[in-house]
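The values are calculated or read from the model by the stated rules, or taken from the named source; none is laboratory data. On a predicted model such as this, the values are computed, not experimentally measured, just so you know. Heads up, the Cβs are rebuilt from the backbone with ideal geometry, glycines too, and the neighbour counts pull from every protein chain shown.
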């Protein structure tokens, strides 16, 4: 039996647009297993990014909740939520969200700085992780001096630096060209295998399907289908 | 199964370190923020300094005028001062003008100045200065003078009555200053009221300009970093830490800006008035205490204002749901 690391329980989220209430999520329940590669697929506006934010405790559901490591994520006090974000979850975003005035190394050390590690330990570990993602020669470059693919690698290194159990990647290849996107996908897959990390990606890049263990199809704020990869028929989409 | 831990609270020293590093790596942007504070504070401080200098010039001019008036009166009584002997009686506190007068008299070549009893009646003129009541009657003070003339700085000074057997009628008493007419007094009062109103008005405007300038500089420097704050929260920063970081940063930037602005405002004001009226005139009667109080108030006010202007958006961003902070585009 596989361990459940995170569990979504009837997660709903509504937004108020003027006087109208829009339901971005209409109730999604989903278990995420330790060590799996889960892709959340769906067209733009389907609610997949909203759902993704919920798993990472970046947004608060209108009703329902996320259980993380057996605890109700949204009932946790701030210092425990921060601990989870810092130590257990690594975030990767479509827009990288690097701090533009910090070098690659400084960006990667941030999660370690926030948990109080010494500068020496931070720098050593960050250099090691940057080397793992193939940027050992770009430690002191600013994000602006790096290509999109390289910036995303810095973001991946930052997500990895505290050795989290879950890596959440929101459209990690969305801003990249095909070849660079493929490299990032390979890198994520390698991380899953080498670090036994749980990887959850929100994407509409079909190339992600080939390396996923499971695919959750979200449509119109609901979980449409949940498939194992072996059941997915690869048709020309 | 592993338990969920608590995020460590970073000590103040570490926060300070991170804030300083933040200012260093954002040095250019920090300079822009600081110059916003500098402009605001300098504007206010130069206005305050200008008011103080204007007051000093007016005071100094009035004193010089008073001094000239007194010298002229003395000369009209006894002619050229050199070679003359003047008796001096002082009762109570002397005014600045009286002290100036004495200083000039002491420097006048050939003029002898001394107490009435020491001069033994050789004096050409008796000066009575000070704000207190006289302790000797005019006839005693002028005893032995060939033409007893008494020049008094106070019209309402009380004198003891004459010594029995002598007469006050022989003593001529003249005043340095006649009484101001009521019409003149009213005019002066109106002028003073207008000046106070103008000063107050300029003060209010400059405070407003300063507040808006500083608030704008700091508000911008924080709001443009909402995404960064969102990112920091994703990476495990707590709201209190983010608040602390911005509080330290804004205090440092605000303090630097306020110090530079205060110095700049004061210097510019001094340079402007000094070159126009001469540095001697503007510094002679300057209210240095008032200037120091204003400078201290400017530095403290600029710093506190910067912190207030930064802490509101920082607090707002720190409490935001990370997803919303990340979505912001400034």
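Restricting to the stretch A:158-184, and then to whatever is more than 22 Å from residue A:5 (Cα to Cα) and under 16 Å from the mean Cα position of the chain (by Cα), can you tell me which residue is surrounded by the most Cβ atoms within 10 Å (Cβ to Cβ)? By that ranking, first place goes to A:173. Here residue A:127 fulfils each of the conditions (1) more than 28 Å from residue B:5 (Cα to Cα); (2) assigned to a helix (DSSP H, G or I) apart from (1).
Residues in the stretch B:58-79 that are in contact with a helix residue (DSSP H, G or I) (Cβ under 6 Å, 6 or more places away or on another chain) and surrounded by fewer than 21 Cβ atoms within 10 Å (Cβ to Cβ) were compared, and the one that is nearest to residue B:205 (Cα to Cα) is B:60.
Looking at A:114, A:76 in this structure, which one is crowded, with 22+ Cβ neighbours inside 10 Å and either more than 27 Å from residue A:185 (Cα to Cα) or within 12 Å of another protein chain (Cβ to nearest Cβ) (or both)? From the options A:114, A:76, the qualifying one is A:114.
Scanning for something without any contact (Cβ under 8 Å) to a residue 24 or more places away in the chain, more than 14 Å from chain A (Cβ to nearest Cβ) and either crowded, with 19+ Cβ neighbours inside 10 Å or assigned to a helix (DSSP H, G or I) (or both), does the stretch B:2-20 turn up at least one residue? No, that holds for no residue. Among the residues of this structure, residue A:84 counts as one that is at the interface with chain B (Cβ under 8 Å from one of its Cβ atoms), crowded, with 19+ Cβ neighbours inside 10 Å and in contact with a strand residue (DSSP E or B) (Cβ under 9 Å, 6 or more places away or on another chain). The residues listed here are B:184, B:191; of these, the one that is away from every other protein chain (no Cβ under 14 Å), surrounded by fewer than 17 Cβ atoms within 10 Å (Cβ to Cβ) and either at pLDDT below 80 or closer than 17 Å to residue B:294 by Cα (or both) is B:184. Every listed requirement among (1) more than 18 Å from residue B:73 (Cα to Cα); (2) crowded, with 17+ Cβ neighbours inside 10 Å is met by residue B:173 save one, (1). Answer yes or no: is there a residue in the stretch A:149-171 that is farther than 29 Å from residue B:2 by Cα, more than 11 Å from chain B (Cβ to nearest Cβ), in a loop (DSSP other than H, G, I, E, B) and in contact (Cβ under 8 Å) with a residue 24 or more places away in the chain. Yes, some residue in the stretch A:149-171 is farther than 29 Å from residue B:2 by Cα, more than 11 Å from chain B (Cβ to nearest Cβ), in a loop (DSSP other than H, G, I, E, B) and in contact (Cβ under 8 Å) with a residue 24 or more places away in the chain.
The residues on offer are A:70, A:45, A:134, and the sole one that is surrounded by fewer than 24 Cβ atoms within 10 Å (Cβ to Cβ), touching a strand residue (DSSP E or B) at 6+ places or on another chain (Cβ under 9 Å) and more than 10 Å from chain B (Cβ to nearest Cβ) is A:45. Among the candidates A:65, A:21, the residue that is crowded, with 17+ Cβ neighbours inside 10 Å, more than 8 Å from every other protein chain (Cβ to nearest Cβ) and over 23 Å from residue A:171 (Cβ atoms) is uniquely A:65. Considering the stretch B:26-144, the qualifying helices (runs of 4 or more DSSP H), each wholly inside and each with 2 or more residues that are within 30 Å of residue B:217 (Cβ to Cβ), run over B:27-78. In the set (1) touching a strand residue (DSSP E or B) at 6+ places or on another chain (Cβ under 9 Å); (2) assigned to a loop (DSSP other than H, G, I, E, B), the condition left unmet by residue A:91 is number (2). Just so you know, in the stretch B:267-299 the residues that are in contact (Cβ under 8 Å) with a residue 12 or more places away in the chain and over 24 Å from residue B:62 (Cα atoms) include one that is surrounded by the fewest Cβ atoms within 10 Å (Cβ to Cβ), and it is B:268.
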